[in-house]
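Visitor: There's a structure below that I have some questions on.
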Amino acid sequence: MTLPIIRVGQGFDIHRFSDDPQRALVLGGVVFDGERGLHGHSDADAVAHAVTDALLGAAGLGDIGQHFPDTDARWAGADSLMLLRHAAGLVTDAGWMIGNVDCSVVCEQPKLAPRRDEMQQRLSMATGAPVTVKGRRAEGLGALGRNEGIACWAVAVILRQATQP
Ligand code: MG
């Protein structure tokens, strides 16, 4: 029996809250109505961005900034789930199967638990693999604890069949 080749990737993203009251808060592809939005070139979905970077990193395909530069007008206000779907496609096109992705989102607000299933569903649809989301508070410590923004850490596992000798 040939053991599969397994790779692990890690992704991190952080966005500060926007001063623009019109900006929507989008996390894991889910819009949180009535919550302050995050500042960023795209929709500033820190969860989708961290998952994207974890997948690209696992496959050795660079990072989100390389594939979707924030200097490119094409990605202004972009739906980050679309970027994630594109990145997942690059990973599978390179011959990898996505095993799973697990995320820790750190923020004081909003409460993620009520929308967690929805976030997991949307992220799983975009990647074609199970994506899990856990929410954590920063216990009042630092910028995240002062509710200045939202950060996300993600870990991805990808695998492929080892080529037969
Ligand atoms: Mg980002």
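Visitor: Where a ≥ b ≥ c are the square roots of the eigenvalues of the C-alpha gyration tensor, would you call region 68-125 rounded, which needs a/c under 1.5, or, failing that, prolate if a/b is larger than b/c, or oblate?
Guide: On the way: a/c = 2.41, a/b = 1.23, b/c = 1.97.
It is oblate, given that a/c is not under 1.5 and a/b is not larger than b/c.
Visitor: Between Arg136 and Arg160, with labels modelled 7 Å along Cα→Cβ, what's the label distance in nm to one decimal, could you check?
Guide: So the label points at Arg136 and Arg160 sit 3.2 nm apart.
Visitor: Also: Can you work out the PRE-style zone for Leu3? Point 7 Å along Cα to Cβ, and I want the residues of region 136-165 with backbone N under 15 Å.
Guide: Within reach of a label on Leu3: 159-163.
Visitor: Here is a follow-up. Gain in length, Met97 to Arg146, computed as 0.36 nm per residue apart minus the alpha-carbon separation, to one decimal in nm?
Guide: That works out to 13.7 nm of additional length.
Visitor: Oh, and also: For a quick check: with amide H placed at 1.01 Å from N, whose amide H comes under 5 Å from Asn147's, ignoring anything fewer than 5 positions away on the same chain?
Guide: Glu108
Visitor: Out of the total accessible area of the chain (probe 1.4 Å, heavy atoms of protein only), what percent is carbon and sulfur?
Guide: 53
Visitor: Under a point spin-label approximation (7 Å from Cα along Cα-to-Cβ), what is the Asp70-Asp20 distance to one decimal in nm?
Guide: If labels sit at Asp70 and Asp20, their model points lie 1.3 nm apart.
Visitor: If you don't mind, another one. Helix by helix through the chain, keep the DSSP H runs that span 15 Å or more along the axis on Cα and average at least 0.5 on Kyte-Doolittle, and give those back in order.
Guide: 46-59, 80-93
Visitor: Right, here's the next one. At 222 nm, what helix-only mean residue ellipticity would the chain give, in deg cm²/dmol to the nearest 500, using -39500 (n - 2.57) for each DSSP H run of four or more?
Guide: -8500 deg cm²/dmol
Visitor: Here is a further query. What number comes out for accessible area per residue over region 9-59 if the probe is 1.4 Å? Units Å², please.
Guide: 39
Visitor: So, one more: About its Cα centre, how strong a charge dipole does region 38-165 have in debye, to the nearest 20, once Lys and Arg get +1 and Asp and Glu get -1 at the Cβ?
Guide: 360
Visitor: Note down the accessible area of Met82, probe 1.4 Å, to the nearest 10 Å².
Guide: Around 90 Å² of this residue is reachable by solvent.
The values are calculated or read from the model by the stated rules, or taken from the named source; none is laboratory data. Predicted, not measured: the structure shown is a model, and the values here were computed from it. Because the Cβ atoms are built from the backbone with ideal geometry, glycine has one as well, and the counts that use them run over all protein chains shown. Side chains are part of the model used for accessible areas, which takes the heavy atoms of the whole protein and leaves out ligands, DNA and RNA. Shrake-Rupley method; radii C 1.70, N 1.55, O 1.52, S 1.80 Å.
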